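Taking it in order: structure first as structure tokens, then the write-up.
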Amino acid sequence: MLYYANGGPGPATKLRRVHAPGDGHYATWRSAPDEKWTVRHGWLPDRNAQLDIQCLGEFFMVDASEVPEMQAQMREQCERV
């Protein structure tokens with residue numbers, strides 16, 4: 001499972017994951033199931049996650065151990081609004 005987020009400066013506002021191994025095979029990564037995380041609904045299917053990751057220029061790979069903290073920051077940010 002590979003995770004990607006935007007952010008900087010400040011906490012991430014978008015979080016994506018791709019159900020692909022980190023072995024570097026592009027075809028496997030491109031065809032793998034993908035999801036986006038939202039504060040209200042958790043992980044949801046997102047057919048455009050890989051396209052967003054490649055083309056928007058705002059996503060970077062993050063370690064899975066960082067994801068819970070990013071989710072907490074996104075929840076806090078949502079509660080402030």
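No value in this document is a laboratory result; all are computed from the given coordinates. Keep in mind it's a predicted model, so treat the numbers as computed, not measured.
Tabulated values for the structure
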quantity: Helix-derived mean residue ellipticity, 222 nm - over the chain, DSSP H n ≥ 4, -39500 (n - 2.57), to 500; calculated: -9500 deg cm²/dmol
quantity: Relative contact order [Cα under 8 Å, 6+ residues apart], the range 2-80, whole percent; calculated: 33
quantity: Principal-axis tilt of helix 67-80 within the chain, Cα atoms, nearest 10 degrees; calculated: 40
quantity: Candidates R17, R40, R30, ranked by Gaussian network fluctuation over the chain, Cα under 10 Å, top entry; calculated: R40
quantity: Karplus (6.51, -1.76, 1.60) ³J(HN,Hα), θ = phi - 60°, over the range 11-22, in Hz, Gly and Pro reported as x; calculated: x, 5, 10, 9, 9, 10, 9, 10, 7, 9, x, x
quantity: Alpha-carbon gyration tensor eigenvalues x 5, square-rooted, for the range 2-80, Å; calculated: 22, 13, 11
quantity: Gain on full stretching of the segment that runs from Q54 to Y26 - 0.36 nm per residue minus C-alpha separation; calculated: 8.9 nm
quantity: Nonlocal amide H pairs with D46, under 5 Å, H built at 1.01 Å; calculated: D34, E35, K36
